[in-house]
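Since the structure comes first, as structure tokens, the remarks are kept for the end.
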Amino acid sequence: MRARFLMLSATLFGLAGPMAAVVAPTVAFAQSAAVAVAPQYDTTHVYVAPADVDRFVQSFTATFGGQSTPQVVVNVLPVPSSTTSQLIQTPVGTVSLFGFKTPIPRPFGDERNGYLVKDMDVAIKEARQAGADVIVSDFPDPIGRDAVVQWPGGVNMQLYWHTKVPNYAPFQTIPENRVYVSNDRAAAFVKAFVAFSHGKVVSDEQKAPGIEIGRADATFHRIRIESPFGKMVVLATDGHLPYPFGHDNTGYEVANLQDTLSKAKAAGVNVLVEPFTSEGRTAAVVEFPGGYVAEIHQTAAAG
């Protein structure tokens, strides 16, 4: 989806762990510059029914603060379609919100987020070199270009480029891109994404507490990555995930989880997983009007 179109609306309207050997960038990548701009220009893509758009906006901003750009109805794809479109900017993360009035052409709707890049040609070349498939070739829009790539493990992400970079304040806390992959493909995904993003693995826990994926009697493999794009946690599992785990593609860090959940409940947000504590953070999983599922957490440092 074309998150840059949404950013135009905003402008107009006011690595070190067991996997080190696996994910070290190649010499070619080490010598190249990172294509990322900054975390505040990256968005989570949320699709809801048109009837749920306003309720989602109200509940999301009531929970996290911030504001939305005015809603527009546009075609944001390289093929015919129509959707409501707006950018919701909060201190803890940004959402590109779509309410499609027409059927959504594949593979759009499956991309989890959008990353702003400095140079689309370089980004596509480096994504391919790192091991990604370009599943939607780049296409123009009024203020830049777009493409959709798929990483090992079937993880779809959008890349986009602006002719003029917008100017947004940094987040108060950087949101966490939560990527669920199979145990079979985790190493390939991490190697590819770290190389492309010029990131690093900051922790690699082979037996993370299963409570974090709704299975208190089990463990799983958790890898945390930081890069110029922001934060990511890779959750490598056997796929035996109780609902709603696996649906949460973004984690939002807040200063006070209980206060945030109180605001969320008052705004019509459902708490699907009550707060639990694991290795220095307390987290919950919620569902916003329209069906968007998100993780919200507070770290020990913030508490």
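The values are calculated or read from the model by the stated rules, or taken from the named source; none is laboratory data. All values derive from a computational prediction rather than experimental measurement. Neighbour counts are summed over all protein chains in view; Cβ atoms, including those assigned to glycine, are modelled from backbone coordinates with ideal geometry.
Is at least one residue of segment 247-257 surrounded by fewer than 16 Cβ atoms within 10 Å (Cβ to Cβ) and over 26 Å from Val181 (Cα atoms)?
Looking for residues that are surrounded by fewer than 16 Cβ atoms within 10 Å (Cβ to Cβ) and over 26 Å from Val181 (Cα atoms), one finds at least one in segment 247-257, hence yes.
Inside segment 270-289, can you point out the residues that are surrounded by 16 or more Cβ atoms within 10 Å (Cβ to Cβ) and either part of a loop (DSSP other than H, G, I, E, B) or touching a Lys or Arg at 6+ places or on another chain (Cβ under 8 Å) (or both)?
Residues satisfying the conditions are Phe288, Pro289.
Would you say Val95 is crowded, with 18+ Cβ neighbours inside 10 Å and modelled with pLDDT of 95 or more?
Here the answer is yes, as Val95 does meet what is asked.
Kindly check whether there is at least one residue in segment 59-69 that is in a strand (DSSP E or B), buried (at least 21 other Cβ atoms within 10 Å of the Cβ) and in contact with a strand residue (DSSP E or B) (Cβ under 9 Å, 6 or more places away or on another chain).
Yes, segment 59-69 contains at least one residue that is in a strand (DSSP E or B), buried (at least 21 other Cβ atoms within 10 Å of the Cβ) and in contact with a strand residue (DSSP E or B) (Cβ under 9 Å, 6 or more places away or on another chain).
Could you please let me know if Val117 is of a type in the set (Val, Ile, Thr), out of contact with any helix residue (DSSP H, G or I) (no Cβ under 6 Å at 6 or more places or on another chain) and either at pLDDT 95 or above or surrounded by 14 or more Cβ atoms within 10 Å (Cβ to Cβ) (or both)?
In short, no.
Can you work out which of the residues in segment 231-241 that are within 21 Å of the chain's Cα centre (by Cα) and surrounded by fewer than 20 Cβ atoms within 10 Å (Cβ to Cβ) is nearest to Phe189 (Cα to Cα)?
Val233
Give the residues of segment 120-140 that are surrounded by fewer than 20 Cβ atoms within 10 Å (Cβ to Cβ) and in contact with a helix residue (DSSP H, G or I) (Cβ under 9 Å, 6 or more places away or on another chain), sorted by residue number.
Gln129, Gly131, Asp133, Val134, Ser137, Asp138
If a residue must be modelled with pLDDT under 95 and within 24 Å of Ile296 (Cβ to Cβ), how many such residues does segment 156-191 contain?
2
Which number in (1) within 19 Å of Ala34 (Cα to Cα); (2) outside the structural domain of Gln89 (by TED's automatic domain parsing); (3) at pLDDT below 95 marks the one condition that Arg145 misses?
The single condition Arg145 does not satisfy is (2).
Can you tell me how many residues in segment 70-104 are closer than 20 Å to Pro170 by Cα and of a type in the set (Val, Ile, Thr)?
The total comes to 5.
Give me the strands (runs of 3 or more DSSP E) completely within segment 143-226, filtered to those with at least 1 residues that are within 20 Å of Val273 (Cβ to Cβ) and in contact with a strand residue (DSSP E or B) (Cβ under 7 Å, 6 or more places away or on another chain), ordered by residue number.
Here the list reads 176-182, 200-209.
For the subset of segment 258-269 comprising residues that are part of a helix (DSSP H, G or I), under 21 Å from the mean Cα position of the chain (by Cα) and of a type in the set (A, V, I, L, M, F, W, C), which member is surrounded by the fewest Cβ atoms within 10 Å (Cβ to Cβ)?
Among them, the one singled out is Leu261.
Given the residues Asp121, Asp138, which is the only one that is in the same structural domain as Thr83 (by TED's automatic domain parsing), in contact with a Leu (Cβ under 9 Å, 6 or more places away or on another chain) and over 17 Å from Phe229 (Cα atoms)?
None of the other options fit; the residue is Asp138.
Quickly run through segment 126-142 and pick out the residues that are of a type outside the set (A, V, I, L, M, F, W, C) and either touching a Gly at 6+ places or on another chain (Cβ under 8 Å) or not in a strand (DSSP E or B) (or both).
Glu126, Arg128, Gln129, Gly131, Pro142
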